[in-house]
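Heads up, the thing below is written out as structure tokens.
The values are calculated or read from the model by the stated rules, or taken from the named source; none is laboratory data. Please read these numbers as outputs of a predicted model, since none were measured by experiment. Don't worry about glycine lacking a Cβ; one is built from the backbone with ideal geometry, like all the others, and counts go over all protein chains shown. For accessibility, only protein heavy atoms count, side chains too; no ligands or nucleic acids. Shrake-Rupley method; radii C 1.70, N 1.55, O 1.52, S 1.80 Å.
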Amino acid sequence: MQPWICKLCQGLSESHCLLAFCMSYLRKCSRADTPSSIIPYPLDDAGEDDNHYKYDVYITPPTDAGNDTDEDSGEEDCQDPDHLNRNQLDAEAELYINDKPVTEENNVEDNTPTTSSIPSNPHKKVTKAASRVFPPPISLGAENHFLDFFELFMPAQLVLFLVKHTVQYAASKNRRLTVSVEDMYAFLGILYVSGYNVLPRRRMYWEVNDDVQNRLISTSMKRKTFEDIFRNLHAADNSVLDPTDRMAKAKPLIVALNRLFMDYAPIEQSISIDGSMIPYLGRHGCKQFIRGKPIRFGFKSWVMATRLGYCLQFNLYQGRRGNDKQDCGLGESVVYNFADVLQTHLENLKFSLFFDNFFTSVKLLTTLGERRIGGTGTVRVNRTGNCNLPNDQYYKKTERGSYNHKIDEANNILAVRWKDNSIVTLLSNEYGIKPLQSAARYSAKEKKKVYIPQPNVVFMYNKYMGGVDQFDNNIATYRISMRGKNGTCQSLCGCSTPQ
């Protein structure tokens with residue numbers, strides 16, 4: 001039996017030919033400007049472009065070994081792509097591009113896509129993403145141990161740093177403490193186990209009762225050793241602290257974690273900035289009380305995260321004195337600092353930042369536009385400058401979905417007010433009104449779901465603004481349950497949860 005050959009020029013439709021679908025996928029991948037999410041080209045247009053590569057796939061004939069039956073897949077000698085048997089589908093294949101075989105050696109040299117580029121599920125619907133996603137600089141597969149991933153964010157150098165200052169602090173208090181790197185890794189492991197195996201008191205993990213005993217924890221470290229480390233955990237030398245920095249004890253740990261977060265980040269073009277709370281009930285000058293929040297008491301932090309909740313950077317709020325840019329407000333300074341980090345690490349990429357009305361102002365978007373950074377956010381009415389949009393009384397007489405907008409052509413800033421269940425005002429230097437989207441809402445009057453017009457800037461804001469909320473949800477799912485009065489330990493428990 002001759003190998004079955006599939007070529008694009010045969011004109012088979014994508015729904016009838018799996019290999020033709022794969023070839024259209026490879027044809028798309030061969031372009032230099034291939035985005036991360038792609039739409040396969042229709043095969044009917046394959047012969048119209050003279051620059052297309054010529055792909056041939058040769059499938060080896062099926063073997064007769066074994067007693068497997070293929071009555072449900074077709075005959076062994078069938079060459080109809082609609083009725084291929086299982087042996088043909090599972091057989092090894094060779095890919096030829098421009099009549100040249102593709103191997104691992106020549107693939108490295110000319111970056112030609114190989115059969116490994118074929119998606120595992122070719123029938124899955126592929127849509128074009130509005131924001132490009134760039135892969136992280138390192139990837140781990142099934143052959144790696146889960147500790148390999150953990151050590152990316154908690155390397156031995158950082159753990160040794162914690163060991164050094166923990167022992168140094170214990171010695172300054174005339175306490176005898178001996179800690180190794182292995183002990184500190186075991187200590188961190190116990191903290192993370194408490195995130196999904198929660199008990200009322202941390203001493204219960206070492207009890208001998210069958211209903212609460214945790215053999216993994218009790219055999220890895222003695223209770224007294226754990227409590228000694230928990231009591232003395234430090235990430236800085238108290239003798240050389242910056243008196244102007246109210247979070248100086250946790251600053252070295254935060255700087256180290258931020259650097260690691262950026263080093264292994266799957267960078268996206270669309271990034272959200274928002275506030276997050278770290279629960280803390282001890283005494284500290286930076287502790288905040290925010291009424292109506294899920295976490296009312298604790299440290300407030302500024303977080304920059306991707307759409308799926310990966311934390312790129314975070315900084316703890318220290319009050320007005322923590323604003324290092326005196327020529328702008330607190331919210332603006334937070335965005336500027338995060339923008340500096342992005343442009344320092346990836347200076348050739350254009351980013352789109354999303355934030356809420358605490359940060360947004362006309363001055364902020366003007367400055368971001370000058371730095372070639374997109375900005376979109378809700379805004380308070382008193383921060384729209386000289387933009388006179390209709391007031392709330394006007395929208396009380398209009399239907400849900402109505403909107404008005406104005407454009408500052410000098411600074412390329414759009415201001416829009418849109419009526420949903422409430423009235424929302426947004427500013428953007430990147431997105432406009434069109435293409436007009438539609439939003440599904442329930443109409444109490446009509447007793448059914450209705451669709452109302454939605455400006456594109458509102459659609460994009462709703463799509464990418466929830467990154468920090470997803471980050472909070474990721475941490476809340478496995479939040480470390482062991483609490484104490486040590487501020488360094490609380491910062492570690494609240495912010496160093498594995499991504």
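Descriptive notes on the structure:
- Unsatisfied cross-links (Cα-Cα over 21 Å) in the set 396/445; 164/251; 251/363: 251/363
- Neighbour-limited loop hits for GluC sites (Glu not before Pro), region 176-242 (at most 16 other Cβ within 10 Å; DSSP other than H, G, I, E, B): 207
- Under the criterion of Cα pairs below 8 Å and six or more residues apart, the relative contact order for region 302-444 equals 17 percent.
- The mean of 1/r over all distinct Cα pairs in region 164-274, once inverted, gives the Kirkwood hydrodynamic radius of 16.7 Å.
- Surface exposure of region 417-464, expressed per residue as accessible area with a 1.4 Å probe, stands at 55 Å².
- Per residue, in Å², the accessible surface of region 310-368 once ligands and nucleic acids are set aside, probe 1.4 Å: 43
- Förster radius 41 Å - calculated FRET efficiency between residue 143 and residue 212, Cβ distance, rounded to 0.05: 0.70
- Rg ratio (alpha-carbon, reference 2.2 N^0.38 Å) - region 327-422: 1.21
- Listed peptides 345-353, 253-261 appear in the order 253-261, 345-353 once ranked by packing, highest mean of other Cβ atoms within 10 Å at the front.
- Set 293/397; 293/350; 293/447; 419/447 screened for pairs whose C-alpha atoms are more than 22 Å apart: 293/397; 293/350; 293/447
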